[in-house]
Each structure stands twice: as C-alpha cells, then as structure tokens.
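Report on one structure; see the data block that follows.
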C-alpha cells in the first residue's frame, strides 16, 4: 500500500514509518521538521512542508498515488496547550482539516489518526474503555477529540474508512536501538529520568498530592514497537467505506512517577535524585487503558509491556545517543 505518514520524522511517527516499511508498504513522509528530525526520515521519500501548504500537500497526495494516510503531525504538550490554546487548535484541528479535504479530492480511502488518552480527561474509573465519557481537561485533549469527531463525520460523508488510535503513554526505543525519544524540549517522564541518571541532575516530580497510592500521577506506558504494530493492523483491518472506529492502545497496567524512577534506578544501576514540585495544569491523576477492543477486533496485544523492558530499551537508546 502507498502510504503518506504525516509527522513521520518524529518519535512515534518515525517508529511507525520504519515498521510499516518493513511490512512491505511504500512510505512517503510529510513533515515540516519543526519538531521532527531529518535523520529520522533518512531513507524515506520526504516531503518537507507544512500541512497548511495546500499546493505542496495536494501534490504529495497526487504524485505518490497515496492510498491511505497515517496522521501524526501535531503539537503534543499538555502544559503548552494550556498556555497557548490557539496554537493547538490551529496545528491539531485547522491544519489537519486541510489534509482531510485534500485527501478527499485525491481519492484517499483510508485514514489512521494518532489520537490520545487525553480525550478522556479525569476518568471516572480505570481501566478506561473506549465508550468512557470524553471530557478533556486541557486544550491538547480537546483538539484531539475535535479532530476525531471531524474525521468521523468526514468518513461518513465521503466513504472514507477511518481509525482513531488513542495512545496512552508511548515509551521506549525500537528493538534495533536506532530510534527513540529525542525531543528538543523533552517533557516525557522516562527520557527525563534517564537523562538525570546519565547526568546526575535531579528529575522533577510534578505533583505529590494526587489521590494515588504514593501521591504521584499514574500512567499506562506502551512500548513504541507495540504502537507501531497497532498501526499496521489498523491499516490492514477490513473496514467498510464510511465507517470510523476508535481503539485504545495501552498496556492495561499503570505505573506512578515514583515507580518509574525506582525502575530506572534498578535498570541503570545509578542513583537518581528527585525534586518535588506542584502539579502541572490539566494533568489527570490516573490514566490506564483497557485494550480489550483492540485485542478483539484488531488482534492487537502489547507484547513488550512490562515497565522494566520499556525503560531498558530507552536506556539503551539514551546511551547510544550519548556516545554518538
């Protein structure tokens, strides 16, 4: 299948692009490289442009005879979305709507969307199933939900098959050690904890008064290779034209911030100092997935889900990046 992967020079998009290429698909990456990295797209056809550039995006869709789109390109920082919601609505809703319109005009019949557990907000209970009420607590989650809804209506109107994949916390590095997290502004917990292990600096704990067993936020970490496999299954899943489905992608197990730090101490064999601080705006206390629907419909289950394995793969990538 000829695929356009938007945001394919980023962390999750880059891992999925590698996985889909290995599965035999033809990949074109579209990325403006504002947060992605050129070296991640090395070896792929790269269209360097913004989603708002209608002529360039339209040409990529027509010239590559694209059959399906896997859409990652988005802003993804909860705190930043609270500070600048207008940027998040522009990047995560307005620009992808341009992509949807151009995809319709180019005859693209399948669309897989990188969504987020942030659409649920503060859950009523865990594990969270897909029919749980969606009440985002920050603009990031609101924008993901807004585009999910737009995609569903678009699919119904224009006979496009659509799948939204609600990630919980993507983490770890690819099995070959060649691809992992390298954000210019790193906000994700595991790479920040491992950077602290390497450098000897403190790692921040944002909030110690959550209603959780140790007072720190609990999250569901899912290995990047498992996420990549879910995208392949979503693309190959038989789906009627006009249908839109939603799947959670998570391990089904939660780990607190303190548990992640303690796991990193064991994996690295290094002490990790912490600095406790207040909660970040918009952060729920606990997010843990039920992935039963993905297992039942797609045949997907996380196979690298234990926290120690995830941290170990990320540590291997962190050490390799430091030596490079």
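Among the criteria (1) touching a residue at least 40 places away in the same chain (Cβ under 8 Å); (2) under 24 Å from residue 300 (Cα atoms), the one residue 200 does not fulfil is (2). Only residues that are assigned to a helix (DSSP H, G or I) and either without any contact (Cβ under 8 Å) to a residue 40 or more places away in the chain or within 30 Å of residue 104 (Cβ to Cβ) (or both) were counted across region 233-272, and they come to 5. Of everything in region 181-190 that is crowded, with 21+ Cβ neighbours inside 10 Å and at pLDDT below 95, the residue that is farthest from residue 36 (Cα to Cα) is 189. When 30, 77, 99, 46 are screened for being more than 28 Å from residue 138 (Cβ to Cβ), buried (at least 17 other Cβ atoms within 10 Å of the Cβ) and either within 14 Å of the chain's Cα centre (by Cα) or assigned by TED's automatic domain parsing to the domain that holds residue 240 (or both), only 46 passes. Take the conditions crowded, with 21+ Cβ neighbours inside 10 Å, over 21 Å from residue 231 (Cβ atoms) and touching a strand residue (DSSP E or B) at 6+ places or on another chain (Cβ under 6 Å) and apply them to residue 203. Does it pass? Taking the combined requirement at face value, the residue does not satisfy it. Taken as a whole, the structure places residue 57 among residues that are under 24 Å from residue 11 (Cβ atoms), at pLDDT 95 or above and in contact with a helix residue (DSSP H, G or I) (Cβ under 6 Å, 6 or more places away or on another chain). Which condition number in (1) assigned by TED's automatic domain parsing to the domain that holds residue 117; (2) in contact with a strand residue (DSSP E or B) (Cβ under 6 Å, 6 or more places away or on another chain) is the one that residue 275 fails? Here residue 275 meets the rest and fails (1). Being under 19 Å from the mean Cα position of the chain (by Cα), over 11 Å from residue 300 (Cβ atoms) and surrounded by fewer than 23 Cβ atoms within 10 Å (Cβ to Cβ) is the requirement here; does residue 258 meet it? Spelling it out, it is not the case that residue 258 is under 19 Å from the mean Cα position of the chain (by Cα), over 11 Å from residue 300 (Cβ atoms) and surrounded by fewer than 23 Cβ atoms within 10 Å (Cβ to Cβ).
Looking at 37, 25, which one is under 24 Å from residue 223 (Cα atoms) and surrounded by fewer than 19 Cβ atoms within 10 Å (Cβ to Cβ)?
Only one candidate qualifies: 37.
Every condition in (1) within 22 Å of residue 79 (Cβ to Cβ); (2) assigned to a loop (DSSP other than H, G, I, E, B); (3) touching a helix residue (DSSP H, G or I) at 6+ places or on another chain (Cβ under 6 Å) holds for residue 210 except the one numbered (3). Out of the residues in region 280-301 that are at pLDDT below 95 and in contact with a strand residue (DSSP E or B) (Cβ under 6 Å, 6 or more places away or on another chain), state the one that is surrounded by the fewest Cβ atoms within 10 Å (Cβ to Cβ). So, considering only residues that are at pLDDT below 95 and in contact with a strand residue (DSSP E or B) (Cβ under 6 Å, 6 or more places away or on another chain), the one surrounded by the fewest Cβ atoms within 10 Å (Cβ to Cβ) is 280. Restricted to region 132-177, and to residues that are without any contact (Cβ under 8 Å) to a residue 60 or more places away in the chain and assigned to a loop (DSSP other than H, G, I, E, B), which residue is surrounded by the most Cβ atoms within 10 Å (Cβ to Cβ)? For region 132-177, the residue satisfying everything is 136. Scanning region 55-71 for residues that are touching a strand residue (DSSP E or B) at 6+ places or on another chain (Cβ under 9 Å) and more than 25 Å from residue 148 (Cβ to Cβ) yields 56, 59, 63, 64, 65. Which one is farthest from the chain's Cα centre (by Cα), of the residues in region 206-245 that are buried (at least 20 other Cβ atoms within 10 Å of the Cβ) and over 27 Å from residue 24 (Cβ atoms)? Ranking the qualifying residues of region 206-245, first place goes to 216. Residues that are in contact with a strand residue (DSSP E or B) (Cβ under 6 Å, 6 or more places away or on another chain) and either in a helix (DSSP H, G or I) or at positive phi (or both) within region 302-319 comprise 307, 310, listed in sequence order.
The values are calculated or read from the model by the stated rules, or taken from the named source; none is laboratory data. The shown structure was predicted, so the numbers you read here are calculated from the model rather than taken from an experiment. Glycine gets a Cβ as well: all are built from the backbone with ideal geometry, and neighbour counts include every protein chain shown.
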